[in-house]
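A short worksheet on the structure shown next.
The values are calculated or read from the model by the stated rules, or taken from the named source; none is laboratory data. For clarity, every value in this text was computed on a predicted model and none was experimentally measured. Counting neighbours? That spans all protein chains shown, and the Cβs are built from the backbone with ideal geometry, glycine included. We work out accessible area using only protein heavy atoms, side chains counted, and drop any ligands, DNA or RNA first. Shrake-Rupley method; radii C 1.70, N 1.55, O 1.52, S 1.80 Å.
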Amino acid sequence: MSLPDADAVKKIRNAGVVGKKALELALTLIEPGSTMLSVATAIESMIRESGLVPSFPLNLSVNSEAAHYTPSINDKKAFHTGDVVKVDIGASDDGYCSDNALTLEVGETGKHSDLIDASKEALKSALKVIRPNVPVSKIGAKIEEVITSFGFRPVKNLGGHGIGRNDLHSSIFIPNYNDLNMTTIEPGSLVAIEPFASTGIGMIHNGQPGNIYMLDGPRIDKSGLFFREFNTLPFASRWLQGKVDNPEKMLRESLARKEIMTFPVLREHSGSLISQAEHTILVMSDDVIVTTI
Ligand code: MN
Ligand code: MN
């Protein structure tokens, strides 16, 4: 793997800075009674106003949902006191992406602080383990150790991943437990580490559709202008509003023609609570840069 040049590093860092700001904004906006739609719109607008684009729609996943819910066009959902909310967002600068997440409890009753701290501390510890050529299972083992020490289980079928240009989930997988995989993180890799802690068995399955769509590479030339605008990064049905007459109909038809794919909401098997924390990390030959800190 080659190292990114100075221009790419600059864009990767810029995407990280804006992604971090987006999470900070989320912390100020999510409160009892605020709607998911207003929060998503405000955060995605802030990213665009900073000159970048969201690298994927704002994910707001509540309680036993682990990931992949974004508000629909006429979404009416609101936040309630005690909700455990995973906020996951990133920015793209010319296709160079960030991906970061945090978990908060709406209204901050403190009831779920341990669960929230488990994934947060696991991430913090994983950042001390990651370095050039470290095996991915060493990172996973640390995450598992920390989450288990809090009395929770790591989610085994979710994990960190490589991030390519216009490619949010490139090949490398970073487990949240010791899976004995000796694949190493090569210098030049941009990766996300994302521990998930669960009060249940630590497995997730696919749930209902989450309003997130994506073109993949081979299909990109076959599809309409509005989809091409997003390249091969995920987009929301909301983002087609004002651009086409009936976005949801267009998406349904495009899905039927297999031009695009959609992401189901990921749910904990036993309906238990889940927390998540995530940062993006650029691993160079002699340096590890956390772009979203
Ligand atoms: Mn993420
Ligand atoms: Mn991720």
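When peptides 57-69, 21-33, 4-16 are ranked by their average number of other Cβ atoms within 10 Å per residue, the highest-first order is 57-69, 4-16, 21-33. Our summary gives the chain a relative contact order of 24 percent, counting only alpha carbon pairs under 8 angstrom and 6 or more residues apart. Peptides 192-198, 82-88 ordered by packing proxy, namely the average of other Cβ atoms within 10 Å per residue, highest first: 192-198, 82-88.
Modelled label positions at K243 and N74, each set 7 Å beyond Cα in the direction of Cβ, lie 2.2 nm from each other.
Given springs between every Cα pair under 10 Å in a Gaussian network model of the chain, which of N246, N133, N176 has the largest fluctuation? Most flexible of the set in this elastic network: N246. Sites listed here are GluC sites (Glu not before Pro) in the range 110-192 whose DSSP assignment is loop and whose Cβ has at most 12 other Cβ atoms within 10 Å, and the list is empty. As a fraction of the 1.4 Å probe accessible area of the chain, surface on carbon and sulfur atoms comes out at 52 percent. Of the whole protein surface, M250 contributes about 50 Å² of accessible area at a 1.4 Å probe radius.
Between L27 and V288, full extension at 0.36 nm per residue minus the direct alpha carbon distance yields a gain of 91.3 nm. The modelled label-to-label distance for the pair S2/H205, using points 7 Å beyond Cα in the direction of Cβ, is 4.6 nm. Other residues with beta-carbon under 11 Å from the beta-carbon of V18 carry, at +1 per Lys or Arg and -1 per Asp or Glu, a net charge of +2.
Among the GluC sites (Glu not before Pro) in the range 259-289, none is located in a DSSP loop while being surrounded by at most 16 other Cβ atoms within 10 Å of its own Cβ. Computed from the Cβ-Cβ distance with R0 of 25 Å, the FRET efficiency linking R48 to L255 stands at 0.45. So what is the diffusion coefficient of the chain in µm² per second by Stokes-Einstein at 10 °C and 1.306 mPa s, using a Kirkwood Rh over Cα pairs? Translational diffusion coefficient: 83 µm²/s.
Heavy atoms of the protein chains alone define the surface here; on that basis the chain has 43 Å² accessible area per residue at 1.4 Å probe size.
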